[in-house]
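As structure tokens, the structure follows; a few thoughts come after it.
The values are calculated or read from the model by the stated rules, or taken from the named source; none is laboratory data. Computed from a predicted model, the values in this text were never measured in an experiment. FYI the Cβ positions are ideal-geometry reconstructions off the backbone, even for glycines, and counts take in every protein chain you see. In case anyone asks, the SASA skips ligands and DNA or RNA and just uses the protein heavy atoms, side chains included. Shrake-Rupley method; radii C 1.70, N 1.55, O 1.52, S 1.80 Å.
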Amino acid sequence: MKHPRTFFSILLACIAAVCLIIAGVLMIRQNMNADRSRKSLDLLRESAEVSKEAALSQLSSESQEASASVSEPVQETPMPSPAPTATPEPVPEPVENPYRDSFLANDDMAAWIQIPDTPVDYPVMWTPEDEEYYLLRGFDKKSDNNGCLILDTDSCLDPLTTNLIIHGHNMKSGAMFGRLTDYEDAAFCEEHRNIILYTKELQRNYEVIAVFRSQVYKKTDPVFKYYKFFQAQSQEEFDDFYQNIKSLSLYDTGVTAEFGDHFLTLSTCVYHVDRGRFVVVAKEVESGDRYQPVVEKESQNM
Amino acid sequence: MKKIKNTITLLTIAAMLFLLPESSCLKAFADEPVTYVVKYLPGENGWRYQDNRSVFDESGSVISWELYQLREVLKAGDTIVVYNDTENAPDLDLGSTRFANLTISSKAFSIIHTGGVQDCFVMNNSFCAVNGDVTNAHVYENSVVNYNGNVQELQIHCGDKITSSVGVGGTVGHLYAYSDSQAQTFFDLYNFQAGSLLIDQEGKLTTPDWSYSKAPASQPVQPTPQPEVQQQPEAQQPAQQVPASGGNDDEYDAVPKTGESNLIVWLLCIGGLCLCGSIALKRAGRG
């Protein structure tokens with residue numbers, strides 16, 4: 001070799017060129033994929049917002065009509081009823097699911113999660129046959145580094161398990177659960193304590209009960225593993241989970257739970273230890289609207 | 001210089017072809033199903049396996065491999081035959097791959113962890129616990145078996161009476177126990193609730209009536225997700241921060257990895273370093 005320096009210089013330049021080209025191509029692909037996913041999700045969000053606004057305006061017009069009818073002078077004297085009748089509890093009518101279009105667009109969508117005033121506003125996918133199918137795929141099933149939020153395969157909405165665990169990527173861009181660690185701040189938690197899960201059947205509301213850091217343990221480690229709790233068959237199992245999350249919690253949220261309550265657990269990667277996880281657990285509170293079955297609307301010309 | 005340019009061009013084209021958006025549609029042809037035989041060898045103090053066999057050869061003429069390699073090569077269509085005659089053998093961990101056939105002949109009690117099995121056969125006089133969901137489970141005579149996952153179809157084969165004890169931690173879609181020799185059906189029941197099916201060693205079903213149905217459901221039963229077998233609460237300790245240890249993924253619980261990939265950052269760093277090195281070498285050469 002006459003000129004080893006020249007040879008190595010060229011070799012390094014080649015490696016550098018390959019690395020930089022691959023990095024560039026990957027970056028462009030990732031950005032394109034992320035952009036495509038963002039646009040498709042924006043469309044779904046838009047459609048949901050339109051549905052919500054329509055439902056709200058319908059509700060307000062109904063209440064206006066009701067108040068108008070109350071203010072009208074009563075023309076007829078009501079006949080005295082023979083016996084007092086019990087006033088039936090008003091049962092709210094099921095309304096149209098605001099995420100109907102999203103459910104119809106992808107059968108794998110189990111719910112839509114929203115934490116008001118945070119970037120968390122995403123579909124939650126459930127694929128029991130392959131838990132990680134959406135880990136690196138977008139809602140449209142195409143490659144996307146952000147992936148989708150995934151409902152753990154051992155969690156189930158129907159029948160509802162005691163704990164629903166949702167996993168999501170901790171993206172530096174803040175997408176998915178990239179901002180979940182903001183919950184380390186008690187003040188942030190106080191302002192964003194409500195989590196909404198729009199399922200096919202109803203709107204489930206949750207309140208944050210515990211926030212903590214944990215990790216994935218070895219199979220043989222006899223420690224509390226939040227990711228192993230799905231169904232409390234007994235008070236003892238429930239208490240074990242509840243007491244552990246409360247003792248691990250970074251601060252007291254003031255929310256308590258008892259056997260029979262249901263939880264929603266949000267989990268994402270953090271790096272305080274190897275295989276670290278950041279976890280937000282919320283307790284289900286009073287449900288919101290019940291929804292009509294999600295079905296395709298019949299064509300107008302039919 | 002021309003050759004170098006050509007090389008760089010070729011490398012660039014290769015990299016771009018490899019990374020084309022549709023490159024993911026390239027498919028590799030799957031290998032043929034393989035039969036592996038696994039046995040606990042007290043002399044080796046561990047489980048060993050041999051491939052393309054259903055009987056373990058201990059003569060030394062067939063090479064046996066360490067189990068971790070089996071977890072790496074095991075694929076969906078494969079068959080595994082398990083033998084064990086040693087009491088207190090450690091758990092047999094077959095990894096997280098769901099495979100086609102698991103046949104167990106275990107005179108001593110064995111605990112087998114799987115990622116799920118299509119057909120599971122427990123041969124006569126076997127003692128074992130199987131973790132993972134099973135589609136079709138067959139239990140032969142004089143066996144004691146505990147399935148800790150869901151079982152879709154459980155068939156118990158027997159003579160004039162049931163001589164096997166079977167428990168299931170998950171749901172059971174259909175229990176069918178019949179006599180091969182006497183054409184007699186002992187049980188033909190459906191839709192057992194999670195953790196309810198238990199047949200004792202006298203062949204009696206101890207499950208309460210309300211936990212199963214005598215007629216098949218009109219639709220396939222959706223297995224109720226079950227909590228995995230957990231440590232007893234008193235054995236649990238509060239979560240601790242375990243120091244980073246690297247370690248094999250198989251040793252850890254299977255939880256989706258939700259970290260962000262740093263591949264691009266690494267590539268940029270390597271590219272930058274190589275470029276700096278190249279420039280430095282070039283300057284040194286001139287000097």
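Take the stretch A:11-47 and flag every residue that is more than 13 Å from B:GLY271 (Cα to Cα) and either at the interface with another protein chain (Cβ under 7 Å from one of its Cβ atoms) or outside any helix (DSSP H, G or I) (or both).
Correct list: A:VAL25, A:LEU26, A:MET27, A:ARG29.
Kindly evaluate A:GLY254 against the criterion of being under 27 Å from A:PRO119 (Cβ atoms), of a type in the set (Gly, Ala, Ser) and free of Cβ contacts under 8 Å to residues at least 24 places away in the same chain. Reasoning before the result, please.
Working: under 27 Å from A:PRO119 (Cβ atoms): yes; of a type in the set (Gly, Ala, Ser): yes; free of Cβ contacts under 8 Å to residues at least 24 places away in the same chain: yes.
Yes, satisfied.
Given the conditions (1) part of a strand (DSSP E or B); (2) free of Cβ contacts under 8 Å to residues at least 40 places away in the same chain; (3) open to solvent by 10 Å² or more (accessible area, probe 1.4 Å), and given that A:ILE150 satisfies all but one, which numbered condition is not satisfied?
(3)
Quick one: in the stretch A:114-147, which of the residues that are under 27 Å from B:ALA76 (Cα atoms) and under 13 Å from the mean Cα position of the chain (by Cα) is least open to solvent (accessible area, probe 1.4 Å)?
A:MET125
Conditions: (1) open to solvent by less than 70 Å² (accessible area, probe 1.4 Å); (2) modelled with pLDDT of 90 or more. B:GLY203 meets all but one. Number of the miss?
Here B:GLY203 clears every test but (2).
Within the stretch B:278-287, how many residues are facing another protein chain (nearest Cβ under 7 Å) and open to solvent by 20 Å² or more (accessible area, probe 1.4 Å)? Step through it out loud before you land on a result.
Applying the first criterion (facing another protein chain (nearest Cβ under 7 Å)) to the stretch B:278-287 yields B:278, B:281-282, B:284-285.
From what's left, open to solvent by 20 Å² or more (accessible area, probe 1.4 Å): B:281-282, B:284-285.
So the answer is 4.
Quick one: count up the residues across the stretch A:178-209 that are farther than 21 Å from A:CYS156 by Cα and touching a Leu at 6+ places or on another chain (Cβ under 7 Å).
Count: 2.
Answer yes if at least one residue in the stretch A:189-210 is within 14 Å of chain B (Cβ to nearest Cβ) and either free of Cβ contacts under 8 Å to residues at least 40 places away in the same chain or outside any strand (DSSP E or B) (or both), and no otherwise. Full working, then the answer.
Here is the first cut: in the stretch A:189-210, the residues within 14 Å of chain B (Cβ to nearest Cβ) are A:210.
Filter once more, so that each one left must be either free of Cβ contacts under 8 Å to residues at least 40 places away in the same chain or outside any strand (DSSP E or B) (or both): none.
No.
Has the stretch A:270-281 got any residue that is part of a strand (DSSP E or B), of a type in the set (A, V, I, L, M, F, W, C), within 11 Å of chain B (Cβ to nearest Cβ) and farther than 21 Å from A:ALA186 by Cα? Working first, answer last.
Residues of the stretch A:270-281 part of a strand (DSSP E or B): A:270, A:276-281.
Narrowing the set further to residues that are of a type in the set (A, V, I, L, M, F, W, C) leaves A:270, A:278-281.
Narrowing further to those that are within 11 Å of chain B (Cβ to nearest Cβ): A:270, A:278-279.
Retained after the next criterion (residues that are farther than 21 Å from A:ALA186 by Cα): none.
The answer is no, given that none of the residues of the stretch A:270-281 is part of a strand (DSSP E or B), of a type in the set (A, V, I, L, M, F, W, C), within 11 Å of chain B (Cβ to nearest Cβ) and farther than 21 Å from A:ALA186 by Cα.
State all residues of the stretch A:175-188 that are of a type in the set (Ser, Thr, Tyr) and either crowded, with 23+ Cβ neighbours inside 10 Å or without any contact (Cβ under 8 Å) to a residue 40 or more places away in the chain (or both); if no residue qualifies, say none. Quick ask: steps written out before the conclusion?
Looking only at the stretch A:175-188, we keep the residues that are of a type in the set (Ser, Thr, Tyr), and these are A:181, A:183.
The answer is A:TYR183, and nothing else.
May I ask you to list pairs of residues, at least six apart or on different chains, whose Cβ atoms are under 6 Å apart, with the first in the stretch A:291-302 being of a type in the set (A, V, I, L, M) and the second being modelled with pLDDT of 80 or more?
As it stands, the answer is A:VAL294/A:ASN97; A:VAL294/A:ARG100; A:VAL294/A:PHE103; A:VAL294/A:LYS200, since those pairs meet every condition given.
Here are the criteria: (1) farther than 19 Å from B:SER110 by Cα; (2) modelled with pLDDT of 85 or more; (3) open to solvent by 40 Å² or more (accessible area, probe 1.4 Å). Tell me which single one B:ALA14 does not satisfy.
Exception for B:ALA14: condition (2).
Output the qualifying pairs, or none if there are none: Cβ atoms under 8 angstrom, residues six or more apart or on different chains, first residue in the stretch A:1-23 and free of Cβ contacts under 8 Å to residues at least 24 places away in the same chain, second residue assigned to a loop (DSSP other than H, G, I, E, B) and open to solvent by 30 Å² or more (accessible area, probe 1.4 Å).
Pairs that qualify, where the first residue is free of Cβ contacts under 8 Å to residues at least 24 places away in the same chain and the partner is assigned to a loop (DSSP other than H, G, I, E, B) and open to solvent by 30 Å² or more (accessible area, probe 1.4 Å), are A:PHE7/A:MET1.
Give the stretch A:189-204 a look and list any residue that's open to solvent by 10 Å² or more (accessible area, probe 1.4 Å), within 15 Å of A:VAL124 (Cα to Cα) and of a type outside the set (A, V, I, L, M), or say none.
Residues satisfying the conditions are A:TYR198, A:LYS200, A:GLU201, A:GLN203, A:ARG204.
I'm told A:LYS172 meets every condition in (1) in contact (Cβ under 8 Å) with a residue 12 or more places away in the chain; (2) in a loop (DSSP other than H, G, I, E, B) except one. Can you identify the failing condition by its number?
Of the numbered conditions (1) in contact (Cβ under 8 Å) with a residue 12 or more places away in the chain; (2) in a loop (DSSP other than H, G, I, E, B), the odd one out for A:LYS172 is (1).
Evaluate the stretch A:114-125: report whether one residue or more is closer than 16 Å to A:GLY178 by Cβ and of a type in the set (D, E, K, R).
Yes: one or more hits.
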